[in-house]
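The values are calculated or read from the model by the stated rules, or taken from the named source; none is laboratory data. In this text the structure is predicted, and so the values were computed from the model without any measurement. Note: ideal-geometry Cβ built from the backbone for every residue, glycine included; neighbour counts use all protein chains shown. Just the protein is used for accessible areas: all its heavy atoms, side chains included, with ligands, DNA and RNA removed. Shrake-Rupley method; radii C 1.70, N 1.55, O 1.52, S 1.80 Å.
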Amino acid sequence: MASWLKTPPGRYLLAWEQAQLDRCVADVFGFHALQLGLPELDALKANRMPHRWQAVDHPPGAGVDPALQGEVPPPRAIMLHCDFDALPFDSHSLDLVVLPHALERARDPHHALREVERVLVPEGRVVILGFNPGGLWALRQSLGRLLRSLGLARGRPLFMPGEGELLGYWRLRDWLRLLSFDIEEGRFGCYRPPFESDHWLARFEWMERTGGRWWPVLGAAYMLVAVKRVRGMRLIGLVRQKRVPAKAAPAVVRRTTATSQQHDIDTFID
């Protein structure tokens, strides 16, 4: 992935994702933010939270082409090395989590998403970036694998990075809803055809302006912003206190005689 991001289509993808992240995270307030994966992208650059971390699931520099080892930019935040399905944070401790292509490379993407839900505070936000499996770039990737299986293009590299599994946009929305997230924003991008040169990518710049209107689902990448909701209890009736019945006073028994009746009459007349 790090080597591919140095190619013309990789730089084009990074530029689109950086612009989307700068717009989305600028107005997210809180104290703690986390970026999972892809250190080549500064996902928290426009955010103003005082505590920001950047986590990777492999040692920094691992898997990078030795020729490009010195070109990898240093991290802009505190670097952590951890598993994405076991984050070293307490529950309800983060205000923002950004996952640029992290779920595609996770061992268990659904488990990693549940872990993100655990560490987010109520009303916290998650931003997810990924390749669109229904886009033009993924179509060329599938065609390249088909040609490889037929023995027609064995020595030719694939157009996109080959590791990981692409997650569909609508599938990811369903996962977020099951975890009590509300989708705040979703959009596709990178509508230019899968060319490998800057010259041809520049010639089809007009597709970037019209793709969102005429063929939105054919974008090479997508972005999702979701908010964690915590449903509170709803009082549907008053709780009545159990009243203790008062004890009856003991009855007074009076014996009536002729003398007492005459006394009462005389008292009433007086």
For this session: Report yes if some residue within the range 117-124 is touching an Asp or Glu at 6+ places or on another chain (Cβ under 7 Å) and either more than 11 Å from Leu167 (Cα to Cα) or open to solvent by 50 Å² or more (accessible area, probe 1.4 Å) (or both); otherwise report no.
Result: yes
For this session: Go through the range 116-128 and give me each residue that's out of contact with any His (no Cβ under 6 Å at 6 or more places or on another chain) and among the aliphatic types (A, V, I, L, M).
Result: Val116, Val119, Leu120, Val126, Val127, Ile128
For this session: Would you mind stating whether Gly212 is touching a residue at least 12 places away in the same chain (Cβ under 8 Å) and surrounded by 16 or more Cβ atoms within 10 Å (Cβ to Cβ)?
Result: no
Exercise. If the Cβ limit is 9 Å and pairs must be 6+ apart or interchain, which residue in the range 178-193 that is farther than 13 Å from Tyr222 by Cα pairs with which residue that is open to solvent by 30 Å² or more (accessible area, probe 1.4 Å) and in a loop (DSSP other than H, G, I, E, B)?
Worked result: Ser180/Arg229; Ser180/Val230; Ser180/Arg231; Phe181/Arg229; Asp182/Arg229; Arg192/Phe204; Arg192/Glu205; Pro193/Phe204
Exercise. Among the residues of the range 179-192, how many are buried (at least 20 other Cβ atoms within 10 Å of the Cβ) and under 10 Å from the mean Cα position of the chain (by Cα)?
Worked result: 1
Exercise. Is there any pair with a first residue in the range 98-110 that is over 15 Å from Cys82 (Cβ atoms) and among the acidic types (Asp, Glu) and a second that is open to solvent by less than 50 Å² (accessible area, probe 1.4 Å) and part of a helix (DSSP H, G or I) whose Cβ atoms are under 7 Å apart and which are 6 or more apart or on different chains, and what are they?
Worked result: none
For this session: With the condition kept exactly as written, say whether any residue in the range 159-178 is among the small types (Gly, Ala, Ser), touching a Leu at 6+ places or on another chain (Cβ under 9 Å) and open to solvent by 30 Å² or more (accessible area, probe 1.4 Å).
Result: yes
Seminar exercise, completed: Scanning the range 94-115 for residues that are in contact with a His (Cβ under 6 Å, 6 or more places away or on another chain) and either open to solvent by 20 Å² or more (accessible area, probe 1.4 Å) or part of a loop (DSSP other than H, G, I, E, B) (or both) gives Asp95
Exercise. So, in the range 12-49, of the ones that are touching a residue at least 60 places away in the same chain (Cβ under 8 Å), part of a helix (DSSP H, G or I) and in contact with a helix residue (DSSP H, G or I) (Cβ under 8 Å, 6 or more places away or on another chain), which residue ends up least open to solvent (accessible area, probe 1.4 Å)?
Worked result: Leu13
For this session: Looking at (1) in contact with a Gly (Cβ under 9 Å, 6 or more places away or on another chain); (2) farther than 16 Å from Trp16 by Cα; (3) part of a strand (DSSP E or B), find the lone condition where Arg187 falls short.
Result: (2)
Exercise. Out of all the residues in the range 5-56, which are closer than 23 Å to Pro109 by Cβ, among the aromatic types (Phe, Trp, Tyr) and touching a Leu at 6+ places or on another chain (Cβ under 9 Å)?
Worked result: Trp53
